[in-house]
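Derivation of every value follows stated rules applied to the coordinates shown; laboratory data play no part. As the structure is a prediction and not an experimental result, all values here were calculated from the model. In this analysis, Cβ positions are derived from the backbone assuming ideal geometry, glycine residues included, and neighbour counts consider all displayed protein chains.
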Amino acid sequence: MIMEFSDILYKPYFSKEDIIQLLNSDYEQRNLLYKYAAEIKEKYISKTTYFRGLIEYSNICSKDCLYCGIRKSNHNLERYNLSDDEIINAADFAMKNNYGSIVLQGGEIESKNQTERIYKLITKLMEISNNQIGITLSLGEQSFDTYKLWKDAGAKRYLLRIETTNQDLYKRIHPNNKKHDFERRVECLRDLKQIGYQVGTGVMVGLPFQTIDDIASDAMFMRDLDIDMCGMGPYIEHQDTPLYEYRNELLPRVERFNLTLKLIAIMRIMMKDINIAASTAMQAIDKFGREKAIKAGANIIMPNITPGKFRDHYKLYDNKPCTDEEAQDCLNCMEVRITIAGDQIGLNKQGDSIHFLNKEKIVK
Ligand code: SAH
């Protein structure tokens, strides 16, 4: 017997088959999917979108991921590393404009210097904000002790995308060596959880060789890991990377975008009270990409507050939006976007993952 779409949509627990059906939904069905995700969002976490000021503090990276524009072997870009003062100034801008939180993101470097530098920066940021600023880190794979040190200094959230959960695909989009090991990345996510971070992960959607089945498994992986936050975006080819070779075998960009939107809605329905980001990559494909994501269940937006002159150098993919703006322009534009999407803005609040807070209540 063929099930009606709505019979699947309102199930309390999705099987892999259900998720595949939802990902394959046609135009009418997907509107039902988005509508239901929006209802769940309103019911469990309210129609509020929170800001995270995104500081892309350095594009120096020791990794060589085959899809990423800031990979180590790309020599077609200028490398930069913001000074501590530049980072503090950007955070200061975020605070003055009532963003409750910032995200410190950069290439992946594991070194004693880096560990100490970030430790000192977190300590300083906590000091000048009177412990009021929510700090999210997105600095890749690190040792347990490094994660712990940064947490003790005051960082409370960590984003580490698993990128894809199909291990064969993972091997095809990364160099085949110890530095790019799927198991280690999963281990890092486990460490972060154990240390007590609010943990975020996510995947790219529409990678070469990726199937709908893979994306359904990605959703199940995130549910099984019981993550607190999620950031997903369409894969966008970058001309200075090895995966560019497969550009003609990809789904059309609009389809990659639609699949991501469906995955956002599915994650909202499956995990209800987690934080879900409307990623910048969505806007690289659709002018209203982030608004659409908010309407389909996302509740986090990350306005870029990296000083304008450096933005051009943090090009993970082609067509990255807003690289010619300054932070103030970005803020004005975001406020309009969120209001258009029908949400209110959670100013002056850190916007913790309700999912995480609820889990803590159960433990206590
Ligand atoms: N070094 C950090 C964050 C760096 S980049 C870390 O590893 O966690 C942040 C994210 O950008 C990556 O996790 C990846 O999912 C995404 N990204 C990189 N290249 C991309 C591309 N070509 N298209 C879409 N997203 C990409």
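Assuming a ≥ b ≥ c are the square roots of the Cα gyration tensor eigenvalues, decide whether the range 149-243 counts as rounded (a/c under 1.5), prolate (otherwise, with a/b larger than b/c) or oblate.
In terms of gyration-tensor shape, prolate.
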Exercise for review: Take the chain, connect every pair of alpha-carbon atoms lying under 10 Å apart with a spring to form a Gaussian network, then pick out the residue of G206, G154, G342 with the largest mean-square fluctuation.
Suggested key: G342
Point to revise | Euclidean distance of C-alpha centroids, the range 30-94 and the range 288-338, integer Å | key: 9
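Kindly state, to the nearest 0.05, the FRET efficiency for K11 paired with D213, given R0 = 22 Å and r defined as their beta-carbon distance.
Details: r = 19 Å, r/R0 = 0.86.
Efficiency, from the Cβ-Cβ distance: 0.70.
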Check your understanding: Computed FRET efficiency, Cβ-Cβ of L225 and E326, R0 56 Å: what is it to the nearest 0.05?
Key -> 0.90
Review point. Length gain on complete extension for the stretch K120 to Q344, per 0.36 nm per residue less the alpha carbon to alpha carbon distance?
Key: 77.2 nm
Point to revise | Considering only the chain, percent of DSSP beta bridges that pair antiparallel, nearest 5 | key: 5
**Study point:** Average Cα contact separation per residue, the chain, under 8 Å, 6 or more apart, as relative contact order %
**Key:** 24
**Study point:** Alpha-carbon centroids, the range 234-282 and the range 106-160: separation in whole Å
**Key:** 27
Exercise for review: Kindly provide the helix-only [θ] at 222 nm of the chain, computed as the sum of -39,500 (n - 2.57) over DSSP H runs of four or more divided by all residues, to the nearest 500 deg cm²/dmol?
Suggested key: -14000 deg cm²/dmol
Check your understanding: Roughly how big is the chain's charge dipole about its Cα centre, with Cβ charges of +1 (Lys, Arg) and -1 (Asp, Glu), in debye to the nearest 20?
Key -> 620
Review point. When the chain is fully extended, how far beyond the present Cα-Cα distance does K178 get from F288, taking 0.36 nm per residue of separation?
Key: 35.7 nm
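Between N131 and N319, what's the calculated FRET efficiency when r is the beta-carbon distance and R0 is 41 Å? Round to 0.05. Write out the running numbers ahead of the final one.
Numbers: r = 39 Å, r/R0 = 0.94.
The value I calculate is 0.60.
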